[in-house]
Amino acid sequence: MRVLALETTCDETSVCLLDGDRVLSNVVLSQIPLHRKYSGVVPELASRAHLENIPAVLSAALTRAGYRRPFFRSGRPAGPKIDAVVFSRGPGLPGALLVSRVAAETAARLLGTRLIGVNHLEGHFLACELSGGGAAAPIRFPCIGLIVSGGHTELWKAGGYGRYEVLGRTRDDAAGEAFDKVAKLLGLGYPGGPAVEKAASRAEAAGDAARAFPRPYMDDTWDFSFSGLKTAVAYRLRDLLGAGFYEERLRLPAREAGSVCLAFEEAVADTLVRKTVRACAAFGVHRVIVGGGVAANLRLRKKFSEAFRGLPGGGAVRFAERRYCTDNAAMIALCGARRLARGAYGGPLDIAPDLSAASWPRVRA
Ligand code: KG4
Ligand code: ZN
């Protein structure tokens, strides 16, 4: 089975060719330089850039996978048959989603093959199966899934491929969004996650520690909330720099900013670990999968590994490889391939910017 996948939900334009378990190509073009000066993704700019870039990214992915121009000849690709064209229906930015939707349908019609629309968050979950140039061992079910990205923080109970129940999700900021906003407050640039991680690890190496931030555990629900933590960082900066610090562009010296980042990272990681450990105990499940951009964070990975090493029941935690944590089309291709393998070809093909809310059944705490 060979699938062509397109991903344009947010600020990465990506195309992948997956053949069975082998990633033949996975081209990712990031728009970070375009959005950097705004310290966040500007939706209209993102859609336009996807539109401009998708032809080149598509042709680079096909070329790397061994296809030669002209790629589509009399309804057939100039190379091995493609069994499906896959795209992310959502969640994502509406204008951005439309780009891969239209490009994917065009490719599917030219190739005379089927079109499959998948859930971007399922892509982040399945990304843990990607390793090096291919798909590694399949996920063992049942398991608890934690998806931590820029737009979403969701805790799932997964009974099999496509069989997910949402235990909890963020009530306000996603974990990645909190990283981005804290980086903005500290003047560390965009995207915030990697910048905060770098500053925190420097502080740790120097032995610097800031006063701990409160943990938003919310033990009576499976939901998350990270906006209070972001506000706690803002209050700390106000106390240190004065009320008008942000407007006056006052920023902490690098060393102090680093120790704030370290304390913030610790609070986010502890919160995510605690809720996941509790979900495992509550549902008697001892396998965990962590995906999404924030899963690239090394402190988070370390804390999860430590927490699950000591758990009874032989608990095991599995992460997506770091390069497959952030948005990429390989994880979307894998969603399509798993759907093909179980004969689930159908399903809606409309774009769905709020797909997460409507996707899987919700379990009440
Ligand atoms: O999954 P993703 O690429 O896009 C969405 O679907 O949202 O996640 C992007 C998010 C951003 O908020 C970014 O700051 C965060 O993931 N991120 C990180 C790290 N790398 C990316 N957060 C913490 N540590 C990192 N190393
Ligand atoms: Zn994503």
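Numbers at a glance
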read-out	value
Loop-resident sites, the range 156-263, for GluC sites (Glu not before Pro), counting at most 13 other Cβ within 10 Å (DSSP)	Glu247, Glu248
Loop sites in the range 1-81: trypsin sites (Lys or Arg not before Pro), DSSP, at most 13 other Cβ within 10 Å	Arg68, Lys81
The range 143-320: relative contact order in percent, alpha carbon pairs under 8 Å with at least 6 residues between	27
Antiparallel DSSP beta bridges within the range 143-320, percent to nearest 5	55
Dipole moment magnitude, nearest 20 debye, the chain about Cα centre, only Lys, Arg, Asp, Glu C-beta charged	880
For the range 100-154, the spread of Cα positions along each principal axis, largest first, Å	39, 27, 22
Accessible area expressed per residue, the chain, with surrounding protein chains retained (probe 1.4 Å, Å²)	42
Overall dimensions of the range 167-231 as given by Cα atoms, namely Rg and Dmax in Å	13.2, 39
Nonlocal amide H pairs with Phe224, under 5 Å, H built at 1.01 Å	Arg169, Thr170, Arg171
The chain - percent of accessible surface contributed by carbon and sulfur, probe 1.4 Å	54
Proximal charge balance of Gly347 [Cβ under 15 Å; K/R count +1, D/E count -1]	+4
5 angstrom amide H check on Ser25, placed H, neighbours 5+ away	Leu17
Where Rh is the Kirkwood radius over Cα pairs, Rg/Rh for the chain	0.99
Mean ellipticity per residue at 222 nm, deg cm²/dmol - from DSSP H runs of n ≥ 4 across the chain, formula -39500 (n - 2.57)	-13500 deg cm²/dmol
Over the range 160-285 - Rg/Rh using Cα atoms and the Kirkwood inverse-distance radius	1.04
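The values are calculated or read from the model by the stated rules, or taken from the named source; none is laboratory data. Model, not experiment: these values are computed from the prediction. Reconstructed Cβ throughout: ideal geometry from the backbone, glycine too, with neighbour counts over all protein chains shown. Protein only, heavy atoms only, side chains kept; ligands, DNA and RNA dropped before computing areas. Shrake-Rupley method; radii C 1.70, N 1.55, O 1.52, S 1.80 Å.
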